[in-house]
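The structure appears below as structure tokens.
The values are calculated or read from the model by the stated rules, or taken from the named source; none is laboratory data. On a predicted model such as this, the values are computed, not experimentally measured, just so you know. Positions of Cβ are generated from backbone atoms using ideal geometry, with glycine treated the same way; all protein chains shown enter the neighbour counts. Side chains are part of the model used for accessible areas, which takes the heavy atoms of the whole protein and leaves out ligands, DNA and RNA. Shrake-Rupley method; radii C 1.70, N 1.55, O 1.52, S 1.80 Å.
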2 protein chains.
Amino acid sequence: MARSIQHRGEEPPRTSPPTLLSSSTVETGSKWLEFKRDTLRDSSGRDFTWDYINRLTKFRETDGVGIFAKVTGKEFAEPHVLVIAQWRPPARNFVLELPAGIISPGETVEEVAVRELKEETGYAGRVVSASPELYNDQGTSTSCLNVVVAEVDADAPENAAPETEHEIGETIETLLLPIRGLRRRLDELKAEKGWGVCSRLYSLALGLQLGGGL
Amino acid sequence: MARSIQHRGEEPPRTSPPTLLSSSTVETGSKWLEFKRDTLRDSSGRDFTWDYINRLTKFRETDGVGIFAKVTGKEFAEPHVLVIAQWRPPARNFVLELPAGIISPGETVEEVAVRELKEETGYAGRVVSASPELYNDQGTSTSCLNVVVAEVDADAPENAAPETEHEIGETIETLLLPIRGLRRRLDELKAEKGWGVCSRLYSLALGLQLGGGL
């Protein structure tokens with residue numbers, strides 16, 4: 001049962017959301033992102049503005065897919081996960097993150113997941129579950145992704161010699177990390193290499209630790 | 001051990017990152033975000049541009065704090081977590097997320113966590129662990145946060161009558177959700193209420209489920 005702190009034991013009241021008074025686009029010449037400015041009035045009559053970016057590559061309610069790919073096989077004593085270190089211009093650094101990709105028109109979430117996992121890590125996998133669309137940075141962006149859980153059989157013939165296929169602007173290294181102890185390993189990699197870490201990957205690792213003492 | 005797929009059993013090679021050729025700022029008049037455009041050359045000599053936003057409220061390597069607050073007390077048969085539904089202009093909707101706040105100059109991560117938890121949910125808590133700074137949307141933004149784990153004793157005298165304190169533009173409802181089954185409950189709330197869901201909160205819930213069969 002969802003409960004409100006102000007109304008213990010009852011369903012939370014549906015607070016009146018702000019009213020959108022106007023929305024404008026600031027010209028940037030970008031093919032990928034537009035800069036937006038909304039003016040809003042809150043339920044007590046106070047006006048405020050809000051700046052954010054909107055992804056122009058959003059063809060449906062979501063625009064990307066992140067893949068948690070669990071790898072098993074006879075050479076692994078315990079399950080591993082595929083993590084990439086991708087060079088990201090905003091970070092001016094490599095960032096440890098889940099393999100991920102942008103959805104093209106007409107593609108399903110599952111198709112993007114299988115394709116991007118293969119392109120970015122070289123591995124073939126199959127999707128076992130998918131989240132609804134999730135906001136990456138809801139204070140400043142419309143950017144959304146689905147998080148997918150996939151299984152990779154490292155012993156399958158198609159995974160005998162994984163080969164990656166990177167696009168222009170993609171500089172990616174692939175790591176296979178044990179799922180047990182993943183949070184600690186991310187902390188170590190950040191400290192050892194000076195790499196950045198993605199908040200979604202870290203939150204997943206934190207959940208693994210809190211959920212099972214991993 | 002971190003391993004590269006291309007070099008099984010060895011440390012991954014340090015791929016040559018792109019070289020930054022130039023960086024410009026597109027004027028938007030925003031107090032909060034600036035729109036940036038980098039021109040880069042990859043290791044094979046191909047040039048490309050990258051558009052992204054930079055937070056102007058970044059006073060150190062991170063700019064925000066998200067709080068996973070575990071609530072225990074005699075009225076709870078099992079641990080709960082404080083989740084907020086905050087109205088977010090980019091989403092034009094309520095978004096289910098962890099309580100969070102922006103760091104002001106001179107504040108520590110722990111101070112922000114305790115203050116924002118109190119302001120947004122009404123509860124007093126204490127920080128038990130903190131992540132390093134983590135990227136929220138590293139493809140399009142410099143936005144970073146630390147994820148903090150906090151403990152809340154619902155039986156403590158200061159938590160007898162939790163009162164929230166919201167700023168202009170903040171429309172927030174607080175929910176207390178059981179940690180067990182959190183992923184399923186987020187799916188249900190999205191379906192029942194039509195609310196958005198934050199990717200960090202969902203990834204944490206997915207990790208809890210995968211880590212312990214919750």
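Summary of the geometry: the range A:94-126 and the range A:131-195, compared by the centres of their Cα atoms, lie 9 Å apart.
Below 9 angstrom from the Cβ of B:LEU21, what's the summed charge of the other residues (Lys, Arg +1; Asp, Glu -1)?
Values: positive: B:ARG41; negative: B:ASP38, B:ASP47.
The answer is -1.
Cross-link partners for B:LYS70 among the lysines, with Cα-Cα distance under 16 Å and sequence neighbours closer than 8 places in the same chain left out: B:LYS118.
Percent of alpha carbon pairs in the protein assembly as shown separated by more than 33 Å?
Working: 29100 of 91378 pairs.
Taking all Cα-Cα pairs of the protein assembly as shown, the fraction more than 33 Å apart is 32 percent.
Residues of the range A:111-155 falling in the label zone of B:SER23, defined by backbone nitrogen less than 15 Å from a point 7 Å along Cα to beta-carbon, are absent. Solvent exposure of the range A:52-104, expressed per residue, is 33 Å² of accessible area, with all protein chains present and a 1.4 angstrom probe.
Cα gyration tensor of the range B:123-214, axes a ≥ b ≥ c as square roots of the eigenvalues: rounded (a/c below 1.5), prolate (a/b > b/c) or oblate? Could you put the intermediate results ahead of the total?
Numbers: a/c = 1.29, a/b = 1.17, b/c = 1.10.
Verdict is rounded for the range B:123-214.
So how strong a dipole does the protein assembly as shown carry about its Cα centre when Lys and Arg Cβ are +1 and Asp and Glu Cβ are -1, to the nearest 20 debye?
On the way: 50 positive and 66 negative charges, 17 e Å.
It comes to approximately 80 debye.
To the nearest 20 Debye, how big is the dipole of the range A:46-175 about its Cα centre, given +1 on the beta carbon of each Lys and Arg and -1 on that of each Asp and Glu? Charge dipole of the range A:46-175: 380 debye, to the nearest 20. Dividing the summed -39500 (n - 2.57) terms of all DSSP H runs of n ≥ 4 by the residue count of chain B sets its mean residue ellipticity at 222 nm at -6000 deg cm²/dmol.
For chain A, relative contact order (Cα pairs under 8 Å, six or more residues apart, normalised by length) works out to 19 percent. When chains A and B come together, the accessible area they lose, probed at 1.4 Å and totalled over both chains, is close to 8800 Å². The coefficient of translational diffusion for the range B:68-140, derived via Stokes-Einstein from the alpha carbon Kirkwood radius under 25 °C and 0.890 mPa s, stands at 173 µm²/s. Length, then width, then depth: along the principal axes, the Cα atoms of chain A run 63, 50, 37 Å. Under 5 Å between amide hydrogens, built in the peptide plane, is the criterion, and for B:ASN93 it picks out B:ARG88 among residues at least 5 positions away or on other chains. For the range A:175-193, a reduction of at least 20 Å² in accessible area between the chain on its own and the assembled protein chains (probe 1.4 Å) is found at A:LEU175, A:LEU176, A:ARG183, A:ARG185, A:LYS190, A:LYS193.
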